[in-house]
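Trainee: Below is one structure. I have some questions about it.
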């Protein structure tokens, strides 16, 4: 079959929508007013994605505070925060340009999602004429809500992790039940776990294996047939056109990541200095049989952090080179990262988020066409 392509998840949010999130925080509009802006941006995203030829479409996370917090808060500032959470949690990441992103802090139990991604799937299915996918957050990211070095009175870490696994499983199952054909799990914290940044204490706790084991507690609840359509996304960050862990040697993650019993992986690669080494590592460590499912490597062939649009020929050449290391039947094409994982992202390297939306569609079009050209050249 031809080399498949798939979007990671997010697209830049229009400036009008970004301002809507801020207006809600300031009490200038109601949540219903914000929903109208979200719906408008979501429909525009889906229709434009369909025009690119994208296989699976999504709203580009227009309805989400962020890829990491959609389930627990309406905005990044904490408006509409879920029960048993406070806004002053630890940093998830400190980016190379100096800005940071902060998670809420768990104050007690039980831990429950406020919003499930299936709500977005239902709305998107009503708009889309192509198959729908949905990105969800990982159990390992939710794990970071719990205080790092203490136990909460009356709610142990073990109880919390049991609840997290239940909520993440429910999130995925409900997405499929709502009509999503693919569900990918965001795992950007995987590479960050090897950074050991003194400004960000959790990164020095050597938590990667713990993250993998926790995520497998969720993934292993699904059958091989289901896991064929459950993916894992990894990247070194992609917020405000900046990264958080690109300097971390990739092999530290890739040598372990394929322990996850997922059916496919969306892997940042185009912005790496040595792309072929990433192809080699993926070919070496990905598994033909991960408890009953072959692992497909969707390699990043366009860079969302740069406004320079890749050509279809560049995409083709990257995939042809990747096929020297990864069996072509387990090779796919994706973008390095979501195009805008957080709801407030002015895309400084692009000049504006609205221009960045246009650029994103051009890059996706090049990816789709380049994958077609590579399939033809490779005879698949």
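Taken together, the values in this text are just the output of simple stated rules run on the coordinates, not laboratory data. Just so we're clear, the structure is a prediction, and the values are computed from it rather than from any experiment. Every residue, glycine as well, gets a Cβ built from its backbone with ideal geometry; the counts of neighbours run over all protein chains shown.
Trainee: State, as an integer percentage, the relative contact order of region 15-378 based on alpha-carbon contacts under 8 Å between residues 6 or more apart.
Mentor: Reported relative contact order: 15 percent.
Trainee: Give, in nm to one decimal, the length gained when the segment between residue 287 and residue 378 is fully stretched (0.36 nm per residue of separation minus the Cα-Cα distance). Walk me through the numbers before you get to the answer.
Mentor: Numbers: separation 91, 0.36 × 91 = 32.76 nm, distance 2.17 nm.
Contour length minus the Cα-Cα distance gives 30.6 nm.
Trainee: Take the Cα of residue 177, step 7 Å along the line toward its Cβ, and report every residue of region 129-171 whose backbone nitrogen sits under 16 Å from that point.
Mentor: Once the point is set 7 Å along Cα→Cβ of residue 177, 166-171 turn out to lie under 16 Å by backbone N, inside region 129-171.
Trainee: For region 166-322, what class follows from the C-alpha gyration tensor (a ≥ b ≥ c being the square roots of its eigenvalues): rounded when a/c is under 1.5, otherwise prolate if a/b is larger than b/c, else oblate? Don't jump to the answer; show the numbers that get you there.
Mentor: Values: a/c = 1.55, a/b = 1.17, b/c = 1.32.
Judged from the Cα gyration tensor, region 166-322 comes out oblate (a/c at least 1.5, b/c at or above a/b).
Trainee: Nearest 0.05, what FRET efficiency do residue 311 and residue 255 give at R0 = 45 Å with Cβ-Cβ as r?
Mentor: Working: r = 32 Å, r/R0 = 0.72.
With a Förster radius of 45 Å, E is 0.90.
Trainee: Next question, about the same structure. Please give the contour-minus-distance gain from residue 197 to residue 225: 0.36 nm per residue of separation, less the Cα-Cα distance, rounded to one decimal in nm. Intermediate results must be reported in sequence, preceding the final value.
Mentor: Working: separation 28, 0.36 × 28 = 10.08 nm, distance 3.89 nm.
This chain segment gains 6.2 nm when fully extended.
Trainee: Describe numerically, in nm with one decimal, the distance between label points set 7 Å from Cα along Cα→Cβ at residue 216 and at residue 277.
Mentor: 2.7 nm
Trainee: Using the Kirkwood radius built from alpha carbon pairs, what does the Stokes-Einstein equation give as D for region 15-378 at 25 °C and 0.890 mPa s, in µm² per second? All intermediate terms of the calculation are to be shown ahead of the outcome.
Mentor: Details: Rh = 20.6 Å.
Translational D for this selection: 119 µm²/s.
Trainee: What full-extension length gain, to one decimal in nm, is calculated for residue 16 and residue 1 as 0.36 nm per residue of separation minus the Cα-Cα distance?
Mentor: On the way: separation 15, 0.36 × 15 = 5.40 nm, distance 4.09 nm.
The span from residue 16 to residue 1 would gain 1.3 nm if fully extended.
Trainee: Given the C-alpha atoms of region 207-270, compute the convex hull and give its volume per residue in Å³. Numbers along the way, then the final one.
Mentor: Details: hull volume 6.5 nm³, N = 64.
Residue-normalised Cα hull volume stands at 101 Å³.
Trainee: Could I have the simple spin-label model distance between residue 329 and residue 209, label points 7 Å from Cα toward Cβ, reported in nm to one decimal?
Mentor: 3.4 nm
Trainee: Take the alpha carbon gyration tensor of region 1-107, find the square roots of its eigenvalues, order them as a ≥ b ≥ c, and report rounded if a/c is under 1.5; if not, report prolate when a/b exceeds b/c, else oblate.
Mentor: Working: a/c = 2.21, a/b = 1.44, b/c = 1.53.
Since a/c reaches 1.5 but b/c is at least a/b, the shape of region 1-107 is classed as oblate.
Trainee: Can you give the % of DSSP beta bridges in the chain that are antiparallel, to the nearest 5? Please list the in-between numbers first.
Mentor: Details: 8 of 32 bridges.
Around 25 percent of the beta bridges assigned by DSSP in the chain are antiparallel ones.
Trainee: If I take R0 = 30 Å and measure r between the Cβ atoms of residue 30 and residue 88 in this structure, what FRET efficiency does the formula 1/(1 + (r/R0)^6) give, to the nearest 0.05?
Mentor: Details: r = 26 Å, r/R0 = 0.86.
So, using R0 = 30 Å, E works out to roughly 0.70.
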